[in-house]
1. How many of the residues making up the range 15-31 are open to solvent by 50 Å² or more (accessible area, probe 1.4 Å) and either more than 19 Å from HIS145 (Cβ to Cβ) or not basic (Lys, Arg) (or both)?
2. Tell me yes or no: at least one residue of the range 7-14 is modelled with pLDDT of 95 or more and either surrounded by fewer than 19 Cβ atoms within 10 Å (Cβ to Cβ) or assigned to a helix (DSSP H, G or I) (or both).
3. Considering only the range 140-150, how many residues are open to solvent by 60 Å² or more (accessible area, probe 1.4 Å) and touching an Asp or Glu at 6+ places or on another chain (Cβ under 9 Å)?
4. If ASP70 satisfies all but one of (1) surrounded by 19 or more Cβ atoms within 10 Å (Cβ to Cβ); (2) charged (D, E, K, R); (3) free of Cβ contacts under 8 Å to residues at least 24 places away in the same chain, what's the number of the condition it fails?
5. Looking only at residues in the range 52-64 that are in contact (Cβ under 8 Å) with a residue 24 or more places away in the chain and in a helix (DSSP H, G or I), which one is surrounded by the most Cβ atoms within 10 Å (Cβ to Cβ)?
6. Looking at the range 74-90, I want the residues that are on the phi > 0 side of the Ramachandran plot and have a partner that is in a helix (DSSP H, G or I) and surrounded by fewer than 21 Cβ atoms within 10 Å (Cβ to Cβ) with Cβ atoms under 8 Å, at least 6 apart or on another chain. Which pairs are those?
7. Give the range 40-86 a look and list any residue that's aliphatic (A, V, I, L, M) and under 12 Å from VAL138 (Cβ atoms), or say none.
Amino acid sequence: MQTRPDDTYSERRSQIEAYFDRTALNAWDQLTSDAPVSSIRATVRAGRDRMRETMLSWLPADLHGTRVLDAGCGTGSFSMELARRGADVVAIDLSPSQVEIALRRVSQRLDTFAAGGHIEFRSGDMSDAALGEFDHVVAMDSLIHYRADDAVAVLQRWAERTRGSMVFTFAPSSPLLLAMHAVGRVFPRGDRAPAIEPLAERALRRMLATDDGLARWCCGRTERVKSGFYTSQAFELRVAGA
């Protein structure tokens, strides 16, 4: 029987939820905090910090009056930066436990809302139409675990309800990343992180250009961030003429 795209998306979504909500919860809590970490994890933390700064630089410095979706918000670092610019943020993650950490951290950093921003944390599917309409969507390292066709389908769902821009990351295909991906398959299933799906930028652009649901969108800036064991590429889609 042929597997439908929605089936693969749902299956991978369940794997991601189990991994980040239970298997790797403590590790991600530590990685996204100021706590000391190993030298390897320090490179990942530095890479994620640079990526967040890059994506933020592509958004308006003043986000007052805008509604922004932080898709795959994790422990809330990106959401807090958006709120500091005055945005009304809907922050959603598959992992209820990650959201609990985000809520705790926000409660300890009241300066987050000094500019009048607001954050509504939720746990669930980042592509849910019930989340409403947005001016901008950000998705930092939350699409990288899905097959390319599933990731583009999620972008299409966001595009239907977004007025300005969508800024997301993908895992750029490289021999090293492909080798790491292959090696990861030999570990016992219970020890595996959800696989990262490498994608060549040329292939991504071709898929975006031929998707009818993204016809009114055009490709904008792109930038790769590499820091030790962290490699990811930011990509911007904007409504044509906006």
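1. 6
2. There is no residue in the range 7-14 that is modelled with pLDDT of 95 or more and either surrounded by fewer than 19 Cβ atoms within 10 Å (Cβ to Cβ) or assigned to a helix (DSSP H, G or I) (or both).
3. Matching residues across the range 140-150 total 1.
4. Condition (3) is where ASP70 drops out.
5. For the range 52-64, the residue satisfying everything is MET55.
6. Within 8 Å, the pairs are GLY74/TRP28; GLY76/ILE101; GLY76/LEU103; GLY76/ARG105; GLY76/VAL106.
7. Matches in the range 40-86: MET51, MET55, LEU56, LEU59, LEU63, VAL68, LEU69, ALA71, LEU82.
Every residue, every condition in (1) assigned to a strand (DSSP E or B); (2) closer than 24 Å to GLY47 by Cα, yes or no:
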| residue | (1), (2) |
| --- | --- |
| PHE78 | no, yes |
| ALA102 | no, yes |
| ASP111 | no, no |
| ALA115 | no, no |
| ASP149 | no, no |
| MET166 | yes, yes |
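The values are calculated or read from the model by the stated rules, or taken from the named source; none is laboratory data. What you are looking at is a predicted structure, and each value in this text was computed from that prediction instead of being measured. Reconstructed Cβ throughout: ideal geometry from the backbone, glycine too, with neighbour counts over all protein chains shown. All accessible areas refer to the heavy atoms of the entire protein, side chains included, with ligands and DNA or RNA removed. Shrake-Rupley method; radii C 1.70, N 1.55, O 1.52, S 1.80 Å.
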